[in-house]
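The structure appears below as structure tokens.
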Amino acid sequence: MPGRERRASLESEQRLRAIYDGTYEYIGVLAPDGTLLEANRASLEFAPGTARDDVVGRPFWETVWFAHTPGAPEKLREAIARAATGEMFRVEWPLRRPSGETVVFDFSLRPVRDGHGDVVFIVPEGRDITDLKRAQQEAQYQEQRYRLLFERATDGIWLANQQGLFVDANPAACRMLGYSHAE
């Protein structure tokens, strides 16, 4: 019976490791003092050549993920201190890779409490949102270009919704009709 329980325990641990390492998000486990206890495979890929042994057992703010971004270690140390008291921390954070490339992360620290309500672990989680941020910036740029062309066009332009109601008109259209934009 003990052999079967041990085998089941190992299989369970292997399944959890597969899930943990199989996610594309950067996930780890911290002690309340900020010591990194565990890091998944995706987080190690942030800096090629980084192994678990390079980061596990170190203060999280001293690891490769934050060392290359000015001010990041101090900000992270403060956030971990707050998370250790039970406060959730979340921010969009541009971080610099060792290569110098800047990557934007949706980053959080989530406290994990025991049955007595004490914080026993902190889970750091990061999702690379660099492409999303670039797409948002591009959409804003295109909107600004459109708005500039729309406003400065000398021909009258009206925009209507699917019900045929006017939703916008440029200044030239307002002048042609003798109405203000609000009218």
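The values are calculated or read from the model by the stated rules, or taken from the named source; none is laboratory data. Because the structure is a prediction, the values reported are computed rather than measured. Methodologically, a virtual Cβ is constructed for each residue, glycine included, from the backbone with ideal geometry; neighbour enumeration extends over all protein chains shown. Protein only, heavy atoms only, side chains kept; ligands, DNA and RNA dropped before computing areas. Shrake-Rupley method; radii C 1.70, N 1.55, O 1.52, S 1.80 Å.
Quick look at the numbers
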{"item": "Rg to Rh quotient for region 11-62, alpha carbon positions, Kirkwood Rh", "result": "0.98"}
{"item": "Shape category assigned to region 144-183 from the gyration tensor of Cα positions, a/c cut at 1.5", "result": "oblate"}
{"item": "FRET E, pair Ser99, Gln142, Förster distance 25 Å, beta-carbon r, rounded to 0.05", "result": "0.25"}
{"item": "Computed magnitude of the charge dipole of the chain (debye, nearest 20; Cβ of K, R +1, Cβ of D, E -1)", "result": "140 debye"}
{"item": "Rounded percent of accessible protein surface that carbon and sulfur make up, the chain, 1.4 Å probe", "result": "53 percent"}
{"item": "Spherically averaged projected area in nm², based on the convex hull that wraps the Cα atoms of the chain", "result": "18.9 nm²"}
{"item": "Whole-number accessible area per residue in Å² for region 1-140, which is evaluated in the context of all protein chains at 1.4 Å", "result": "60 Å²"}
